[in-house]
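Okay, structure first, notes after.
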Protein chains: 2
Amino acid sequence: MTATPLGSGAEFDRIRAIVAALGPRAGSLGNDVAWVSLGASHLAISTDVSVEGVHFQREWLSLEEIGWRATAAALSDLAAAGASAIGVVVALTLPAGEGVATSTRLMQGVDGAVASVGGTVLGGDLSRGEVISLAVTVVGSGERMLGRSGAGPGDGVWVTGQLGGARAALEAWTGGREPVPNARARFAHPEPRLAWGRWLAAHGATAMLDLSDGIAGDAGHLAAAGGVGVRVSLELLPIHPAVALEAGRAGEPPAVFAARGGEDYELLVTMPAAFAGCGEVPLTRVGWVVDGAGAAFELAGRRLPLSGYNHFE
Amino acid sequence: MTATPLGSGAEFDRIRAIVAALGPRAGSLGNDVAWVSLGASHLAISTDVSVEGVHFQREWLSLEEIGWRATAAALSDLAAAGASAIGVVVALTLPAGEGVATSTRLMQGVDGAVASVGGTVLGGDLSRGEVISLAVTVVGSGERMLGRSGAGPGDGVWVTGQLGGARAALEAWTGGREPVPNARARFAHPEPRLAWGRWLAAHGATAMLDLSDGIAGDAGHLAAAGGVGVRVSLELLPIHPAVALEAGRAGEPPAVFAARGGEDYELLVTMPAAFAGCGEVPLTRVGWVVDGAGAAFELAGRRLPLSGYNHFE
């Protein structure tokens, strides 16, 4: 198994340097999930860290929501693998002096998210830290070892749900405003799309990843991992209703705002050309796969340079 | 599956509160590892977080050592389960402005530790944080689902290796001195005891855990988890040679210093009464299991009240 090529960005430069240093031992680094075969079973494993002040501010969310959101973000990688959840382990850090209720409420949020997809909290570790952080590791199993690297020329590019709602909430908070309720819910209580991911895997998905950095960044990862080009028509993006107001404030067309919005935790998936969508999963075709390299975005007939959210910028 | 009773301490009060809140969903919380059966295989999963300023100071260790130590600490839970390592996933946080070399060197240390026990780095997540932290989740497999709860009256209580070396290094550093090399090595480069753990599991171990809090604390967990009493003769402890000097400075008898020393990552194991040790694994019998409750420690015929290291004190 070799490491998967990544798109551009400072965070990915770091991962590339690690992959170069580890050489053939780098394995599946650069994927959202690692697949391991154990006997006749395929096991999917992924880890995701949420840090106060980086991924959320404490005044924005209840403790239960912080736990839910961190866990949903991690489970989203299982969704993109087409896997079922077995459970999660959580490494939690808390500032000195926090009451016992703080860890309990955080873990109730964790448990709620994992229960919503049929899994359990398997274990954890608790330590003092400067801020609240949750490193959530998810373990699941799947029928096929689906990843982000299988897209082929001619495949359609599809997304689930609606995009930009989480960013609309984030822009409101950072601008000192209270987000509208449906935007707030998208940020505070993302639904991990495991059932949708399994349906897509069973219906021929060639590659899948979750939209954690926004399609502006994640489409580039899909292209790099598959050794293909990805073309996205921004007119086709399914835009969350809360985007209109915040996009105006940000001075961006709504489709660009939605494309650059991270942390929606919807799925970005390539499907065979003949796939036509269905009623069971809310799916929108937004582009296609071509021979070539990189992701390109068009709006009103013009090519736009876009990039996703980067935790190291 | 029900949650495992825990010994005393503020950290464990937090875990008890979480277990109470989650009720029957708490599963294996309170164990070092969670065991999950997948097809015919038994999977062992555990997570362990290492935080700069809490578990280590950056001036004490090289970046490779920080990565090794965090990973060895996590792998130690697999050792105590009698499991083999499959691999690790790592959620890494770094302060803004750290060079690319920082993450690479940390991950080279992680890879070194997991390679030393035959596993690989399966994946990870990278984020900005106030300090360096590594949440290392280990995944392994085993023949039997050994945990900390099976000790029975009449069993012998054994430890591997030597105790107190890591604390000797810690006391030197916190006192402004450079530790002697063999103490420093115990802190900076602990060897995960997976081969020993498997040997003990195959030779009838009834319960096992790793000495992360020191036998002064961990013997209480073994007693609580098994619903038994544990008696330890401190005269019998195998004491690391670096302890003598630091115990004198700390004003503690060397055996007490070693018993209260955390993070040696040796194994504490109960074996059937007939077990007599062997030459393959360095083992010392330090006590026995009785009907009753709690851990009791004797030195020179006197009962001593002892407790282990607590991250929330």
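The values are calculated or read from the model by the stated rules, or taken from the named source; none is laboratory data. Given the structure is predicted, the values throughout are model-derived calculations rather than measurements. Glycine also receives a Cβ, built like all others from the backbone with ideal geometry; neighbour counts cover every protein chain displayed. Side chains are part of the model used for accessible areas, which takes the heavy atoms of the whole protein and leaves out ligands, DNA and RNA. Shrake-Rupley method; radii C 1.70, N 1.55, O 1.52, S 1.80 Å.
Taken over the stretch B:172-194, the residue count meeting the criterion of being of a type in the set (G, A, S), touching a residue at least 40 places away in the same chain (Cβ under 8 Å) and open to solvent by 10 Å² or more (accessible area, probe 1.4 Å) is 1. The set of residues in the stretch B:94-116 that are open to solvent by 30 Å² or more (accessible area, probe 1.4 Å), at pLDDT 95 or above and more than 9 Å from chain A (Cβ to nearest Cβ) contains only B:S116. Counted as qualifying within the stretch B:209-313 are the strands (runs of 3 or more DSSP E) with 1 or more residues that are surrounded by 18 or more Cβ atoms within 10 Å (Cβ to Cβ), namely B:229-233, B:267-271, B:283-290, B:294-299.
Only one residue in B:P24, B:P5 is modelled with pLDDT under 95, open to solvent by 20 Å² or more (accessible area, probe 1.4 Å) and away from every other protein chain (no Cβ under 11 Å), so which one is that? I'd like the intermediate steps shown before the answer.
Values: B:P24 fails: away from every other protein chain (no Cβ under 11 Å).
The match here is B:P5.
Between B:L170, B:L134, the distinction of being outside any loop (DSSP other than H, G, I, E, B), over 19 Å from A:T137 (Cβ atoms) and aliphatic (A, V, I, L, M) belongs to B:L170 only. Could you tell me which residue of the stretch B:72-89 is nearest to B:L61 (Cα to Cα), considering only residues that are within 9 Å of chain A (Cβ to nearest Cβ) and in contact with a Leu (Cβ under 6 Å, 6 or more places away or on another chain)? Applying the filter and picking the extreme gives B:V89. Taking the conditions (1) more than 17 Å from A:V286 (Cα to Cα); (2) open to solvent by less than 10 Å² (accessible area, probe 1.4 Å) in turn, A:V157 satisfies each one other than (1). With respect to (1) under 19 Å from A:A258 (Cβ atoms); (2) surrounded by fewer than 24 Cβ atoms within 10 Å (Cβ to Cβ), the lone exception for A:A201 is condition (1). Filtering the stretch B:55-92 to residues that are closer than 19 Å to B:E143 by Cβ, in a strand (DSSP E or B) and open to solvent by less than 10 Å² (accessible area, probe 1.4 Å) leaves only B:G87.
Looking only at the stretch A:11-21, filter to residues that are within 19 Å of A:D213 (Cβ to Cβ) and more than 7 Å from every other protein chain (Cβ to nearest Cβ); which one of those is modelled with the lowest pLDDT? Across the stretch A:11-21, the extreme among qualifying residues is A:F12.
Here A:G154 meets each of (1) on the phi < 0 side of the Ramachandran plot; (2) outside any helix (DSSP H, G or I) with one exception, condition (1). Filtered by the rule that a residue be surrounded by 24 or more Cβ atoms within 10 Å (Cβ to Cβ) and within 8 Å of chain A (Cβ to nearest Cβ), the stretch B:33-54 gives B:V33, B:A34, B:L43, B:I45, B:S46, B:T47, B:D48, B:V49, B:V51. The residues of the stretch B:27-50 that are under 23 Å from A:S46 (Cβ atoms) and either in contact with a His (Cβ under 9 Å, 6 or more places away or on another chain) or not in a strand (DSSP E or B) (or both), listed by number, are B:G27, B:S28, B:D32, B:V33, B:W35, B:V36, B:G39, B:V49.
In the set B:L163, B:L134, B:L146, B:L126, which member is open to solvent by less than 20 Å² (accessible area, probe 1.4 Å) and at the interface with another protein chain (Cβ under 7 Å from one of its Cβ atoms)? Break it down stepwise before answering.
Numbers: B:L163 fails: at the interface with another protein chain (Cβ under 7 Å from one of its Cβ atoms); B:L134 fails: at the interface with another protein chain (Cβ under 7 Å from one of its Cβ atoms); B:L146 fails: at the interface with another protein chain (Cβ under 7 Å from one of its Cβ atoms).
Result of the check over B:L163, B:L134, B:L146, B:L126: B:L126.
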